[in-house]
């Protein structure tokens, strides 16, 4: 089986801040997605990730990414917009490109996934949802 995702070294991030978190629902049915055995639900966490610029010393580059969380507990009560966060098991992969019925290519995009989220606090342990 080919490797379709790799772990992410979050220590490279200058900042990782939550923008929004919501259930990841099927567009047609509105039902929240779960893992294969139905014990963990899927959530979409929109986060701003900032890293030191490779091109200009002292500058950062930022991007908003959607991380799919597959966890048992509802994380919305533990993290709120603007919280600095880090993830358990954060990985990134690439969806295989494929040609749709209309002849257009879809896929070929990055996907981010994790198995837990924590609030990063300046001192002590953070809150956690897994």
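The values are calculated or read from the model by the stated rules, or taken from the named source; none is laboratory data. Here the structure is a predicted model, which is why all the values come from computation and not from measurement. Note that each Cβ is placed from the backbone with ideal geometry, even for glycine, and that neighbours are counted across all protein chains shown.
Select from region 82-93 the residues that are in contact with a strand residue (DSSP E or B) (Cβ under 6 Å, 6 or more places away or on another chain) and more than 19 Å from residue 12 (Cβ to Cβ) and list them in ascending order.
Listed by number, the list holds a single entry, 83.
If I ask for residues that are assigned to a loop (DSSP other than H, G, I, E, B) and either in contact with a helix residue (DSSP H, G or I) (Cβ under 6 Å, 6 or more places away or on another chain) or within 14 Å of residue 75 (Cα to Cα) (or both), which ones from region 17-37 would you list?
Within region 17-37, 24 is the sole residue that qualifies.
How about region 38-69: which of its residues are over 16 Å from residue 88 (Cβ atoms) and either touching a residue at least 60 places away in the same chain (Cβ under 8 Å) or outside any strand (DSSP E or B) (or both)?
38, 39, 53, 54, 55, 56, 57, 58, 59
Would you confirm, using the coordinates I've provided, whether residue 24 is farther than 17 Å from residue 119 by Cα, touching a residue at least 40 places away in the same chain (Cβ under 8 Å), surrounded by 13 or more Cβ atoms within 10 Å (Cβ to Cβ) and in contact with a strand residue (DSSP E or B) (Cβ under 9 Å, 6 or more places away or on another chain)?
yes
Report whether or not residue 47 is within 20 Å of residue 5 (Cα to Cα), touching a strand residue (DSSP E or B) at 6+ places or on another chain (Cβ under 9 Å), at pLDDT 95 or above and surrounded by 14 or more Cβ atoms within 10 Å (Cβ to Cβ).
Criteria met by residue 47.
Hey, does region 6-16 have a residue that's assigned to a strand (DSSP E or B), more than 18 Å from residue 115 (Cα to Cα) and without any contact (Cβ under 8 Å) to a residue 12 or more places away in the chain?
no
From the list 81, 73, 101, exactly one residue is in a loop (DSSP other than H, G, I, E, B) and closer than 19 Å to residue 25 by Cβ. Which is it?
Being in a loop (DSSP other than H, G, I, E, B) and closer than 19 Å to residue 25 by Cβ holds for just one of 81, 73, 101, which is 73.
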